[in-house]
1. Identify all residues within segment 254-311 that are under 22 Å from the mean Cα position of the chain (by Cα), charged (D, E, K, R) and either over 30 Å from GLU552 (Cβ atoms) or at pLDDT below 90 (or both); write none if there are none.
2. Hey, can you tell me all the residues within segment 104-129 that are in contact (Cβ under 8 Å) with a residue 24 or more places away in the chain, surrounded by 17 or more Cβ atoms within 10 Å (Cβ to Cβ) and not in a helix (DSSP H, G or I)?
3. Output the residues belonging to segment 90-103 that are modelled with pLDDT under 70 and assigned to a loop (DSSP other than H, G, I, E, B).
4. Starting from segment 650-665, take each residue that is in contact (Cβ under 8 Å) with a residue 40 or more places away in the chain and list its partners that are in a strand (DSSP E or B) and among the hydroxyl-bearing types (Ser, Thr, Tyr), counting only C-beta distances under 8 angstrom and pairs at least six apart or across chains.
5. Give me the strands (runs of 3 or more DSSP E) completely within segment 254-322, filtered to those with at least 1 residues that are assigned by TED's automatic domain parsing to the domain that holds ALA206 and under 30 Å from LEU527 (Cβ atoms), ordered by residue number.
6. Return the total of residues in segment 531-563 being assigned to a strand (DSSP E or B) and farther than 18 Å from LEU606 by Cα.
7. Against the conditions (1) at pLDDT below 80; (2) in a strand (DSSP E or B), where does LEU51 fall short? Just the number, please.
Amino acid sequence: MGIYGDQNRWKLFPLWEWLGLSRMDEELKKLNEHALLEKLRQRLLKNRYLLVFDDVWDIEVWNELRTAFPNDKNGSRIIFTSRFSNVASDSKVQYGGEPHYLHPLSEKESFELLQKKVFGEEEECPQALHELGMEIAKKCRGLPLALVVVAGVLATIEHDICVWEEFAESFTLTMVSGADQCKKSLELSFEHLPYHLKECLLYFAAFREDEKIGAKKLMCLWIAEGFVEIIEGEKSEDVAEKYLMDLIGRNLVMVGKNRSIGGVKTCYIHDLIFEFCKGKAKEKKFLQVLRGYDELSTFNEPPNLPRLSICSSGKDFMKSKLFCPCLSTLLFFDATPGYNKLKLLNISFLFCIYKHLKVLNLEGINLMLKELPAEVESLLCLRYLALRASEMEFIPPSIAKLSHLETFSLNSDETVSLPDSIWNMKKLRHVHVENGVVIPFSSNDNVVENLSNLDTLSTLELYLDKEGENLLRRIPNVRQLKIFNCGKQNRVCCNMSRLECLESLGLGGYGFLGSREHVELSFPTNLKKLCLYRLGLPCRKMSLIEQLPNLEVLKLREEAMDGQRWELMEGGFPKLKVLTLEYERIEKWIEADPDSYDYFPCLQRLKLFGIFNLKMMPACLGSTPTLETIQVAHCGYGVKSLVWKIEEAQEDNYGDVNLKIIIID
């Protein structure tokens, strides 16, 4: 990772990538290999590149890919990492080069890693704890994972001599030499977890190994399972996020990607921690994981088994005739995501068998249904429902009988109509429908006034007019909202400022291209992220957005703006960190006052994609000290020239700066 993190790689290797190959042999089955590999080869041809293939299990995986990597004798390099020595020896025989074997860390290196993980980059271990820290580090026998896990425990206990002495003593008793060392380290860390965090950690065993799990999805599952404490005055999602950050702080969970407005987008756990969680979950009868037909067909349900996770093909699942009527959680993941999914015409039998379910995730099965079966009403305890049904268009009114339902997720290729009765589902917190959902506005006296608990709604098909505004009033506490088909002809008129909790908003008009002369929009001041798509907002009205005091991320896509001249208002975008322009026709992008420096005080990343007509860019970008990256993809040469001028201005103003210019043709 030292090479990958080295800033000099940008200068040495214009093209660089880090690839995980643990399961790539499965992924290749889903693709047109020859076309993909040829496209990759053309991309790399005559370029100097650095590629790191991480966690290679079998050299044959590389043999399937090697034709895509040209050897132009220009200094390109390829690095493998593997936990298997035979991979290293095979690659040496076939391709030359000496394997670099990792050795245990020295006592000094061990202590330095422990110190860094416990006290951070800036602080050092207090002198009073130095000797105890050295003793604890020494007992980890140079294994980085053991050191990181132990540091996760030390970071959460009091930094007091007596407390550390007690820990060091117990640590001595639990650590053994040999192959069990990491397992014992994990056991120790697990035992120091509060009970609620033990459940949250073990839940990772339900997913596929190496899977990058959506943090929001994971937290919704934790809430549905009842792991998250209900605290008056706090949203359950915020409490769950604290749990996740605690596990990350203990070095048990790793961040895959961060959200652009703060927080974690995806997360995962180390392979060794995954194996530990899987074994511990089974031992404690917390969760059973079944993989493949053999395990499915021979499985005998233990009494009172609460949770079952199946990672297999849909055909194996149907063939096994699995019968576990007492389950409270059933999670189904296809063994090969996106490939050869089972098409199931009827799931009513599942609803009839598993009546005690709180959590049902069937995203690994493609349900060939246009309407969700009415039998879903029998799942009276259900809190979390996730389905994949590419043809589904209707949800029956009977879904409102699921009075405890908190999360409803549907991956459909169609626009889905929800029933009027949805307004009676008082506990509903998250609704996600992939391709669009229509919610009827009802004046029926039998429905509740609003859905005050709704936190996430995407993707809502709604016209932003008076009626649309009235519907939005009935979801007053929503924090994440996506709306499309939002305008009739050339009119968009909606006061959204009442949505005071709204942090992330997407607005777009499918099929609309052109100017909307009548645009009356107002946004809540708490808004942090705004994505506009085919909105046709006149450039002269961009001040509606520029003056938002808390906006951190703005994405303008496919003629979100209409006009050729965007003049930035002075003092606008006070907190903006990320700005994306994609397929916009703008020609002149300038400041209202070129002599003022009051523009983009916080901007870090600028992305330009498919921009061809741009002839002028704000000169202030050359003197924006916070700017870290400008990414230009599939743009005209003139745009690249403007970006290079910004780079030159940055160098003139700040010397050898860390501004990265990424050009993708």
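1. The answer is ASP271, and nothing else.
2. Within segment 104-129, just LEU105 meets the criteria.
3. Of everything in segment 90-103, those that are modelled with pLDDT under 70 and assigned to a loop (DSSP other than H, G, I, E, B) turn out to be GLY96, GLY97.
4. Filtered contacts from segment 650-665: LYS660/THR629.
5. 254-258, 264-268
6. Going through segment 531-563 one residue at a time, the tally reaches 3.
7. The number of the failed condition is (1).
One line per residue, one yes/no per condition, for (1) within 22 Å of VAL437 (Cβ to Cβ); (2) of a type in the set (D, E, K, R); (3) at pLDDT below 85:
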residue: CYS494; (1), (2), (3): yes, no, yes
residue: ARG498; (1), (2), (3): yes, yes, no
residue: VAL519; (1), (2), (3): no, no, yes
residue: LEU530; (1), (2), (3): yes, no, no
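The values are calculated or read from the model by the stated rules, or taken from the named source; none is laboratory data. Bear in mind the structure is a predicted one, so any value in this text is a computation, not a measurement. Cβ coordinates were reconstructed from backbone atoms using ideal geometry, including for glycine residues, and neighbour counts include every protein chain displayed.
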